[in-house]
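Take a look at the following structure, please.
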Amino acid sequence: MLKKTTHTQLIILIDPDKYNPELIKMANHCKVTYIFVGGSKLQSNTFEKTIKAIKSISKIPVIIFPGDETQISKQADGILILSLISGRNVEYLIGKHVIAAKKIKASKIYTIPTGYILVDVGHKSTTQKVTKTKPLSSQQEIINTAIAGELMGKQLIYLEAGSGAKKTLQQSIIKNVKKSINIPLIVGGGIDSIAKVKLMLRCKPDYMVIGNAFEKKPDLLTEITHLF
């Protein structure tokens, strides 16, 4: 699950507060490899209900992208064990994980240790506000952090520009991180148009995550599927 790829694969991110079943139905006919479910600050108590709803209409594997330690469900096919290695807030490096550990293990859900790196693109993201951490801006520090994540045993590196970002990650950052690690690379944040999708594809990450753009314009999925 979530291995290195020969070409970039598409992942859609579903915020349970904004769940749109029509988007999932569209995904069934498009080149979507995984569906991530989660959010930094959920307002409604529909997390597990959303996963069940998705599983009832789609065979695409559902992976939890947890915003906090409460977002756990054995209904999903896997869960990213996110460690915010770009920040220095111990709660998001190990604290939240300790709280959730027993429940995750009891659920017997497939776990994917993930090094999560928030990158500065000039936009204060919800993740930054919630975790009270600063994104990284130095390209060398970003590369070194990704390498450190791999050395610590992470199975994935996730480079994030932040939910709703107006700018995407710099192409040079993606390319240099990609060639510096031997584990899969996921990129996300600010990818809201065909032009931006094409720019990201040039960098050849293993996976590309799109969330907000599909919430605002579901038809974008059918417009870009031929690119994957």
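Could you give each residue of segment 14-21 its phi-based ³J(HN,Hα) in whole Hz, using Karplus coefficients 6.51, -1.76, 1.60 with θ = phi - 60°, and x for Gly or Pro?
With coefficients 6.51, -1.76 and 1.60, one gets 10, 8, x, 5, 10, 4, 10, x Hz.
In percent, what relative contact order does segment 101-166 have, based on Cα pairs under 8 Å that are 6 or more apart in sequence? Please report the intermediate quantities before stating the final value.
Details: 75 pairs, mean separation 32.5, N = 66.
For segment 101-166, the relative contact order is 49 percent.
Among all the lysines, which ones have a C-alpha under 17 Å from Lys18's C-alpha, if same-chain residues fewer than 8 places away are not counted?
Of all the lysines, those that pass the test against Lys18 - Cα under 17 Å, at least 8 places apart if same chain - are Lys41, Lys49, Lys52, Lys55, Lys216, Lys217.
Also, quick follow-up: Work out, step by step, the length gained on full extension between Lys105 and Glu22: first 0.36 nm times the residue separation, then minus their alpha carbon distance; give nm to one decimal.
26.6 nm
So, one more: Please report the spacing between the Cα centers of segment 166-185 and segment 90-120 in Å, no decimals.
23
Would you pull out the residues with amide H under 5 Å of Gly190's amide H, same chain only if 5 or more places away, H placed 1.01 Å from N?
HN-HN under 5 Å from Gly190: Gly164, Ala165.
Sticking with this structure for a sec: Where in segment 162-182 does the label zone of His123 land, with the point 7 angstrom along Cα→C-beta and an amide N cut-off under 12 Å?
Backbone N within reach: 162-170.
Now for a separate question. How big is the equivalent ellipsoid of segment 148-228 along its three axes, where each semi-axis is √(5λ) from the Cα gyration tensor, reported in whole Å from largest to smallest? Kindly include the intermediate steps, with their values, before the conclusion.
On the way: eigenvalues 111, 32, 25 Å².
Ellipsoid semi-axes (Å, largest first): 24, 13, 11.
Sticking with this one: Compute the Cα gyration tensor for segment 1-94, then decide on rounded, prolate or oblate, letting a ≥ b ≥ c be the square roots of its eigenvalues: rounded whenever a/c is under 1.5, prolate when a/b is larger than b/c in the other cases, and oblate in all that remain.
oblate
Related question: Given springs between every Cα pair under 10 Å in a Gaussian network model of the chain, which of Asn45, Asn144, Asn89 has the largest fluctuation?
It is Asn45.
Along Cα→Cβ, 7 Å out, is where each label goes; now give me the distance between the ones at Asp77 and Phe228 in nm to one decimal.
1.2
In vacuum, with every alpha carbon of the chain counted as one equal point scatterer, what does the Debye formula give for log10 I(q)/I(0) at q = 0.09, 0.13, 0.14 Å⁻¹? Two decimals, please.
Values returned for q = 0.09, 0.13, 0.14 Å⁻¹ are -0.32, -0.70, -0.83.
Ok, one more. For segment 140-146, take each phi angle, set θ = phi - 60°, evaluate the Karplus expression 6.51 cos²θ - 1.76 cosθ + 1.60, and give the result in whole Hz per residue in order, putting x for glycine and proline.
My calculation for segment 140-146 gives 5, 5, 5, 4, 4, 5, 5 Hz in order.
Got a sec to turn the phi values of segment 62-74 into Karplus ³J(HN,Hα) couplings, 6.51 cos²θ - 1.76 cosθ + 1.60 with θ = phi - 60°, whole Hz, x for Gly and Pro?
Karplus-based 3J(HN,Hα) across segment 62-74 equals 9, 10, 6, 10, x, x, 7, 6, 8, 8, 9, 7, 6 Hz.
Could you give the nm distance between label points at Glu69 and Leu93, where each point is 7 Å from its Cα heading toward the beta carbon?
The answer from the label model is 1.7 nm.
What length, rounded to one decimal in nm, is gained on full extension from Ser58 through to Ser44, with 0.36 nm per residue of separation minus their alpha-carbon distance? All intermediate terms of the calculation are to be shown ahead of the outcome.
Working: separation 14, 0.36 × 14 = 5.04 nm, distance 2.26 nm.
Length difference between fully extended and current span is 2.8 nm.
Any read-out appearing in this document is the output of simple, stated calculations on the displayed coordinates, not a laboratory observation. Just so you know, these numbers come straight off a predicted model, no measurement behind them. All Cβ positions, glycine included, derive from the backbone under ideal geometry; neighbour counts span all protein chains shown.
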